[in-house]
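The next block holds one structure in the form of structure tokens; read it before the comments.
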Amino acid sequence: MFLGFIGVTLLVIAAVMMREEELNSLKTLLSPVALVGAVVRQDSDPTKQTPLANVKVTAMSGSAEVSGESSASGLFSLSIRPRVYAGRVITLRFEHPDYKPLEIRTRMPVNQLFVIRLEPNVSEPVRILASGKEVSNGVAIKDARVRYLLKNHTTIGVGTLAKQFEVPNRGNQPCRGQETCSPDGKWRAVRNTLALEAEARNEFQNIRVSCIAGPCPFTKVETDELTKPARKIKVTVLNWSDTADFLVEADVTRTTVTDTVRYSYPFIVNETMNFSLPPDSEGPSIEANFGGQMIVSPLGPDLLVSWATCSVQVPSNGNKLFRCVLKPGYEFVQ
């Protein structure tokens with residue numbers, strides 16, 4: 001009978017373990033499915049398989065559907081929560097105005113990084129040189145450079161400040177619980193503040209405060225933020241003896257901001273142009289010779305130009321990393 005009890009117990013434990021495995025399996029199947037990959041241009045030459053930004057990516061499984069867009073690096077990441085089971089089909093659709101749409105299917109569970117290659121809508125025509133080399137027959141783009149602006153801050157001195165102010169008091173008066181006392185709490189003190197404001201667009205710099213008359217050892221300058229340039233300043237002095245006089249001095253400066261034009265020369269490989277700009281750059285535009293005519297193409301906030309698809313990434317250091325991929329019908333000529 002004892003052996004029978006042990007057998008029943010083992011069967012119960014086994015059933016519980018199987019139930020836990022089933023629950024864990026069900027939990028896994030009901031969890032959101034992560035779909036991660038990169039979208040690039042289809043080309044037999046790996047160096048021309050450039051990342052594609054702004055590709056619409058849609059994932060569908062039964063009634064569940066979710067969509068997103070690829071980033072400047074071509075990355076896409078979707079999370080879908082279908083009513084799934086092992087072997088369930090998930091359909092991924094990729095769409096971009098300049099490329100042929102593509103659909104792929106994958107089955108649960110998904111355990112891969114997708115690399116999606118999209119074919120351009122229009123194949124570039126080619127012409128054959130006498131050497132037999134195939135060359136693109138599009139609009140030739142050469143002498144490309146990037147024009148941008150940087151703010152140039154120039155600070156000049158426009159004057160000086162010298163202002164005397166008095167902190168009146170009568171010394172040797174016990175504090176006796178008064179609100180304002182000497183640092184040791186023994187003597188009655190007076191606190192006086194001088195407020196100064198520079199003219200519009202001006203600032204005070206190198207602010208100095210000095211005691212010039214009276215019992216200076218029994219005074220204390222309580223203002224802490226006189227080391228920073230400021231248009232408005234307040235100088236506060238505590239005096240716990242007889243009247244003392246102070247002198248406030250400072251340089252008066254004015255900072256002007258002007259735009260400085262800078263140029264950057266991009267790195268070009270096949271149909272892709274890469275360049276980077278500093279964090280505080282503004283108004284980037286691309287200047288280039290298009291078929292013998294110099295044309296300026298402002299990028300603007302949406303990075304829209306008629307001859308290329310451009311994208312930008314901004315890493316943690318704040319630099320702006322641009323990539324422009326030529327549209328069919330154009331070619332870079334070095």
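Filtering region 266-279 to residues that are under 23 Å from Asn317 (Cβ atoms) and surrounded by 11 or more Cβ atoms within 10 Å (Cβ to Cβ) leaves Pro266, Thr272, Met273, Asn274, Phe275, Ser276, Leu277, Pro278. Taken together, the criteria exclude Val261 from residues that are in a strand (DSSP E or B), among the hydrophobic types (A, V, I, L, M, F, W, C) and farther than 30 Å from Cys324 by Cβ. Filter region 186-214 for residues that are within 43 Å of the chain's Cα centre (by Cα), not in a strand (DSSP E or B) and not acidic (Asp, Glu); which is nearest to Thr236 (Cα to Cα)? For region 186-214, the residue satisfying everything is Ala198. Restricting Leu238, Leu299, Leu326, Leu304 to residues that are buried (at least 17 other Cβ atoms within 10 Å of the Cβ), outside the structural domain of Thr50 (by TED's automatic domain parsing), free of Cβ contacts under 8 Å to residues at least 40 places away in the same chain and of a type outside the set (Gly, Ala, Ser) narrows the list to Leu299.
The set of residues in region 245-267 being at pLDDT 90 or above and either within 30 Å of Arg208 (Cβ to Cβ) or among the charged types (D, E, K, R) (or both) consists of Asp245, Phe246, Leu247, Val248, Glu249, Ala250, Asp251, Val252, Thr253, Arg254, Arg262.
Considering region 143-153, and only residues there that are surrounded by fewer than 16 Cβ atoms within 10 Å (Cβ to Cβ) and either under 16 Å from Ser306 (Cα atoms) or modelled with pLDDT under 90 (or both), the residue that is nearest to the chain's Cα centre (by Cα) turns out to be Lys151. One residue stands out among those in region 220-258 that are among the basic types (Lys, Arg) and not in a loop (DSSP other than H, G, I, E, B): the one that is nearest to Ala308 (Cα to Cα), which is Arg254.
Considering only residues that are free of Cβ contacts under 8 Å to residues at least 40 places away in the same chain and hydroxyl-bearing (Ser, Thr, Tyr), which ones fall in region 32-82? Within region 32-82, Ser44, Thr58, Ser61, Ser63, Ser67, Ser70 meet the criteria.
Just wondering, is there one or more residues in region 210-219 that are touching a Lys or Arg at 6+ places or on another chain (Cβ under 8 Å) and surrounded by 17 or more Cβ atoms within 10 Å (Cβ to Cβ)?
Filtering region 210-219 down to residues touching a Lys or Arg at 6+ places or on another chain (Cβ under 8 Å) leaves none.
Among the residues of region 210-219, not one is touching a Lys or Arg at 6+ places or on another chain (Cβ under 8 Å) and surrounded by 17 or more Cβ atoms within 10 Å (Cβ to Cβ), which makes the answer no.
Only one entry in Pro183, Pro217 is in a helix (DSSP H, G or I) and over 30 Å from Glu287 (Cα atoms), namely Pro217.
Among the residues of region 307-323, just one is loosely packed, with under 12 Cβ neighbours inside 10 Å and either of a type in the set (Val, Ile, Thr) or more than 23 Å from Ser70 (Cα to Cα) (or both), namely Val314.
Does region 302-317 contain any residue that is in contact with a Pro (Cβ under 6 Å, 6 or more places away or on another chain) and either within 26 Å of Gly138 (Cβ to Cβ) or not small (Gly, Ala, Ser) (or both)? No.
Within region 161-177, if we keep just the residues that are surrounded by 13 or more Cβ atoms within 10 Å (Cβ to Cβ) and over 52 Å from the mean Cα position of the chain (by Cα), the residue that is nearest to Lys234 (Cα to Cα) turns out to be Asn169.
Summed over region 1-60, residues that are modelled with pLDDT under 60 and in a strand (DSSP E or B) total 0. Could you tell me whether region 248-265 includes any residue that is buried (at least 16 other Cβ atoms within 10 Å of the Cβ) and either under 30 Å from Gln173 (Cβ atoms) or out of contact with any strand residue (DSSP E or B) (no Cβ under 8 Å at 6 or more places or on another chain) (or both)? Yes, because at least one residue in region 248-265 is buried (at least 16 other Cβ atoms within 10 Å of the Cβ) and either under 30 Å from Gln173 (Cβ atoms) or out of contact with any strand residue (DSSP E or B) (no Cβ under 8 Å at 6 or more places or on another chain) (or both).
All but one of (1) among the basic types (Lys, Arg); (2) closer than 30 Å to Glu282 by Cβ; (3) not assigned by TED's automatic domain parsing to the domain that holds Asn270 hold for Arg145, so report the exception by its number. Unmet for Arg145, out of (1) among the basic types (Lys, Arg); (2) closer than 30 Å to Glu282 by Cβ; (3) not assigned by TED's automatic domain parsing to the domain that holds Asn270: (3).
The values are calculated or read from the model by the stated rules, or taken from the named source; none is laboratory data. Computed from a predicted structure; not experimentally measured. Methodologically, a virtual Cβ is constructed for each residue, glycine included, from the backbone with ideal geometry; neighbour enumeration extends over all protein chains shown.
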